[in-house]
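Trainee: Here it is, the structure in full.
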Amino acid sequence: MNFMRLGHILVLSFSSFPSPSRQGRLLGNLISALSGRFEADILTIRESELGYVEKFRKHRLLRVPVGGTYMQKVESFQRAISRQLDGDEYDVIHFRSPWEGHTLLQNHTQLDAIFIYEPSLSLPPQTPAEIVDTFVELDRMSLDLADLILVSSAHQARQLQGNPKWAPKVRVVHAGIDVNLFDVQHTGGLAPMDIIWVDNFMDLSASALVFDGLARLREQKPDLQVGLVGPIAKPLVDPLVELIAGHELSDCVKFFGVQEDEDLPLLICRAKVGLVGPRMPSPGAFLREDCMNLLEYMACRVPAVAPRLPYIADITENGELARLYAPDNPLDLSKNLLYMLNNPDKASRMAEDAYDTVRDSYTAAGTRRALISVYADLMAPLMAEGAGEPDESSRPVRRRDSTISWRGHRTSSTGVGSPVPVDSPIDDGLPLYDMDTANINIDEIQFEASGVLLGTSVEDEPTNPNHPAP
C-alpha cells in the first residue's frame, strides 16, 4: 500500500499538552493531523502531573520541566530546544511562539530545515512593556525566518498581506472544534441557567466589565443565573470573588471549574445565552485574536453575545450569527444580553444559523485536513513503500551532510550531554500563573463539576445526569 512520508518533524510549543486551553486544543489538532501519516517529536512544557517522555499517537511528547518567573521559564524552554536541536536532526520545524523563534534564529545557520511558524501564543495580562517590546521584535524576526506562516483567520492574513516578505508565506488554517462532541441538545433533568461564560478569567479588567454589565442586567432580571466555566489561577481567586461580591452577584454566579471536553457541551447547553467576554488582542507583529468559546456555543446551538472585534465579526458574519457589543461598554453588553433573553425565538433562529456555519467552516476535521495539505505541499512524497526509486519529476527532499553538535558534544532531550546556553532577551520578574495551564487546584474554594456557588454552597442539582440528586 502506498503512503506518504515526510522527513523528521519537530514541533515546539511553549504550552502544556494535553490542556483545555486554546493552545492545548490547537496543538491537539496538529498532533491528530500528523498522526495518520507522520511521526514527530513534540517539545512542550511539563505540568506537575504529566510525564517527561510519552509516546502519543506515533509521536514522542517531550515535556520540559520549568520553574521560576515567566522569563525564567522561557529560558528553560529555550535551553531545552537547543539541546534537542543539538541531539537530533529535523527536516521540518514547526514553532508556535517568538520565544522558540529566538532560539531557532540563534541556530538557523546550522539547521537544514523548513520552518513553519504558527504564531499562537498570547502574553499574560499586565506583561511589562519591555517584555512586550521584545516579544514583538522577536515575532517580526520569526515571521522573516519562516518558510510558511500559519494563521487562524482571514483577518490575521489581511494584517500580514501588507508586508511583501510575509504575504507569500501566509496560509489560513481556521481554528476548529469537534462539532459532533459539542452537538448536545437534551438537558432534561438539569437545572437551566440564563448565561454561561466559558473563559480563562485571567484578565481582571475584562472580568470587571462583564460583572458590571451583569449587575445592570440583574436590575431587569432579578432571578438571573450565571455560570462561569474555566481555569483560574490561585492568585486571582480572591480578587475575582471580591469583584463578584462588589457587584452584589454572589448569590447568582456559580463557578463550574475546568470541564473536560466530554462534559463541557452538556453544561453549555443548559444556558439560554453564551457570553464571550471582552478581550484585548494579544500584542505581536500583528494582533492575535481568537474565540474558541464562541465556536463551542455555536456548535451547541446556544445563542451568543460577543465583543465586536474584527476576528469575531468575520466568524459571525458581522453580527448575523451572534449579537455583538462594544468591548469597552458594559451597558451595551447588558442590553445585548437582555435582548437575547427577551427574544428567545429570534435568538433560536440565530443559533440555528450559527450551528450550520460552524459545522460547515470551523470543524476540527477541517483544521486537520488543512494542516495535512500544508505539510503535503511543503515536501513531495518520498519513495512509496515497495514502489522502487522515485521518478525524476519528484521534488528533492532536503538532506543534511553532517550531524549537529555543540562544542563537539552531542546532547539530547533528556538533558544528557553539554548544556547549551541560550541568553534570554530580558530577565524580568513577571510571575507566570496562567501559562496555558488550566487545572490549578485551589484549596480555598471547591470547584466541582456539579457547580459551586463562589465561596458559599454547593448547587442543588448535579451536572452529571448519571448521578441524580437524591
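Trainee: Quick one: give the max-minus-min coordinate of the C-alpha atoms of the stretch 50-127 along each principal axis, largest first, in Å.
Mentor: If we take the Cα atoms of the stretch 50-127, the spans are 37, 30, 21 Å.
Trainee: Right, here's the next one. When a footprinting reagent is the concern and you count Cβ atoms within 10 Å, what order do V172, V226 take, fewest first? Walk me through the intermediate numbers first.
Mentor: Numbers: V172 15, V226 24.
Ranking V172, V226 by Cβ neighbours within 10 Å, fewest first, gives V172, V226.
Trainee: Across the Cα atoms of the stretch 207-302, what radius of gyration and what greatest pairwise Cα-Cα distance (Dmax) are found, in Å?
Mentor: Considering the stretch 207-302 through its Cα atoms, Rg and Dmax are 14.6, 45 Å.
Trainee: Right, another one. Exposure proxy check: W99, W197 ranked by fewest other beta carbons within 10 Å?
Mentor: Details: W99 26, W197 23.
In order of increasing Cβ crowding within 10 Å: W197, W99.
Trainee: Can you compute the radius of gyration and Dmax for the stretch 40-86, using only the Cα atoms, both in Å?
Mentor: 11.0, 33
Trainee: Ranked highest first by the average count of other Cβ atoms within 10 Å around their residues, in what order do 246-256, 113-123 fall?
Mentor: Numbers: 246-256: 18.4, 113-123: 23.1.
Taking the mean over residues of other Cβ atoms within 10 Å, the ranking is 113-123, 246-256.
Trainee: A follow-up question, please. Among the lysines, which fall within straight-line cross-link reach of K254, defined as a Cα-Cα distance under 28 Å, with same-chain neighbours fewer than 8 residues apart omitted?
Mentor: Counting by Cα, and skipping residues close in sequence, K254 has these lysines nearby: K221, K234, K272, K335, K346.
Trainee: Related question: I'm a student and want to see the number: the projected area of the Cα convex hull of the stretch 239-279, averaged over all directions, in nm². Working shown, then result.
Mentor: Details: hull surface 16.0 nm².
Mean orientational projected area (the stretch 239-279, Cα hull): 4.0 nm².
Trainee: Oh, and also: Fewest first, what order do H108, H186, H102 take by the number of other Cβ atoms within 10 Å? Don't skip to the end; give the middle numbers.
Mentor: Values: H108 15, H186 9, H102 25.
Sorted ascending by nearby Cβ count, the order is H186, H108, H102.
Trainee: Let me ask another. Give me the distance in nm between label points sitting 7 Å out from Cα along the Cα-to-Cβ direction at A376 and K234, one decimal.
Mentor: Placing both labels 7 Å along Cα→Cβ, they lie 4.8 nm apart.
Trainee: A further question follows. Please compute, for the alpha-carbon atoms of the stretch 17-70, the extent along each of the three principal axes and give them in descending order in Å.
Mentor: 38, 22, 17
Trainee: Ratio to report: Rg/Rh of the stretch 30-168, with Cα atoms as the point set and Rh obtained by the Kirkwood method; give two decimals. Mind showing how you got there, number by number?
Mentor: Values: Rg = 15.6 Å, Rh = 16.3 Å.
Dividing the radius of gyration by the Kirkwood radius yields 0.96.
Trainee: How are the alpha carbon pair distances in the stretch 303-366 distributed across 10 Å bins from zero to the largest one, expressed in percent?
Mentor: So the P(r) values, bin by bin, are 23, 49, 25, 4.
Trainee: Thinking of the stretch 1-95 as a set of Cα atoms, what percent of all their pairs are more than 15 Å apart?
Mentor: Details: 2705 of 4465 pairs.
Of all Cα-Cα distances in the stretch 1-95, 61 percent exceed 15 Å.
Trainee: Further, regarding this structure: What does the convex hull of the Cα atoms of the stretch 249-386 come to per residue, in Å³, rounded to a whole number?
Mentor: Details: hull volume 23.4 nm³, N = 138.
Looking at the stretch 249-386, the number lands at 169 Å³ per residue.
Trainee: Something else: More than 18 angstrom separation, counting every C-alpha pair in the stretch 148-281; what % is that? If you can, show how the numbers build up before the last one.
Mentor: Values: 5658 of 8911 pairs.
Value for the stretch 148-281 (Cα pairs over 18 Å): 63 percent.
Trainee: A further question follows. Under 10 Å from the Cβ of L148, count the other residues' Cβ atoms, weight Lys and Arg +1, Asp and Glu -1, and hand me the total. Walk me through the numbers on the way to the answer.
Mentor: Details: positive: K169, R171; negative: E118, D147, D377.
Neighbourhood net charge equals -1.
Trainee: Take every Cα pair under 8 Å in the stretch 131-219 that's 6+ residues apart, average their separations, divide by the length, and report that relative contact order as a whole percent. Mind showing how you got there, number by number?
Mentor: On the way: 41 pairs, mean separation 17.9, N = 89.
It rounds to 20 percent for the stretch 131-219.
None of the figures in this text is laboratory data; all of them are computed from the coordinates on show. In this text the structure is predicted, and so the values were computed from the model without any measurement. Virtual Cβ from ideal backbone geometry, glycine too; neighbours counted across all protein chains shown.
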